[in-house]
Amino acid sequence: MSDLTHLDESGAARMVDVGAKDATQREAVATGRITMSAEAATAIAQGTAKKGDVLAVARVAGIMAAKRTSDLIPLCHPLPLSKVTIDLAPDATGVTVTATCACTGPTGVEMEALTATSVALLTIYDMAKAIDKAMVVSDIRLVSKTGGKSGDYRA
């Protein structure tokens with residue numbers, strides 16, 4: 001079991017020791033999608049949802065989530081994020097969210113980008129559920145990551 005980095009020799013969960021790793025510039029991009037009715041998509045795009053500006057709130061929620069990732073994901077290291085951007089692309093059938101996170105540190109920011117994407121999508125759902133309860137959150141995935149010992153990744 002010791003080959004698994006988040007388990008010790010006895011199989012107990014542990015936080016990986018990154019203390020000896022060099023701090024390098026790291027960046028990760030994640031994306032996801034929420035699909036919905038035309039009525040909900042129009043309300044979001046036009047800013048007429050009853051709860052307010054859905055896209056603005058989703059952007060802030062995504063940024064906040066990235067900063068709190070280590071509080072939400074067990075064994076995830078707290079990181080000094082230097083950048084979090086949340087791009088929202090509404091269209092006639094939903095919204096695509098893309099989160100970019102960066103830091104200089106000893107471990108990557110993939111989980112921060114994925115968490116930011118997820119929470120931004122869930123916030124959109126929460127703010128528009130009065131219009132469409134059948135919205136579907138899907139396709140949350142890592143698009144790319146740079147930096148670190150394992151090198152770069154592109155989906």
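The values are calculated or read from the model by the stated rules, or taken from the named source; none is laboratory data. Nothing here was measured: the structure is a model prediction, and the numbers come from that model. FYI the Cβ positions are ideal-geometry reconstructions off the backbone, even for glycines, and counts take in every protein chain you see. Accessible surface areas use protein heavy atoms only, side chains included; no ligands, DNA or RNA. Shrake-Rupley method; radii C 1.70, N 1.55, O 1.52, S 1.80 Å.
So the values come out like this:
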item: Taking the convex hull of Cα positions in the chain, its mean projected area over all directions (nm²); result: 10.0
item: Dipole magnitude of the chain, debye to nearest 20 (Cβ charges: Lys/Arg +1, Asp/Glu -1, about Cα centre); result: 320
item: Helical contribution to [θ] at 222 nm, DSSP H n ≥ 4, -39,500 (n - 2.57), averaged over the chain, rounded to 500; result: -9000 deg cm²/dmol
item: Under 12 Å, Cβ to Cβ, from THR115 - net charge with Lys/Arg +1 and Asp/Glu -1; result: -1
item: Relative contact order %, segment 63-127, counting alpha carbon pairs below 8 Å whose residues are six or more apart; result: 33
item: Lysine pairs with alpha-carbon atoms under 22 Å apart, the chain, spacing 8 or more or separate chains; result: 12
item: Förster radius 25 Å - calculated FRET efficiency between TYR153 and LYS51, Cβ distance, rounded to 0.05; result: 0.10
item: Relative contact order of the chain, pairs being alpha-carbon contacts under 8 Å that are 6 or more residues apart, as %; result: 35
item: Segment 11-155, accessible surface, carbon-and-sulfur percent (1.4 angstrom probe); result: 57
item: Relative packing of peptides 43-56, 92-105, 115-128 - highest average C-beta neighbours within 10 Å first; result: 115-128, 92-105, 43-56
item: Residue-normalised accessible area of the chain, expressed per residue, 1.4 Å probe, Å²; result: 54
item: ARG141-ARG68 FRET efficiency (beta carbon distance; Förster radius 25 Å; 0.05 resolution); result: 0.75
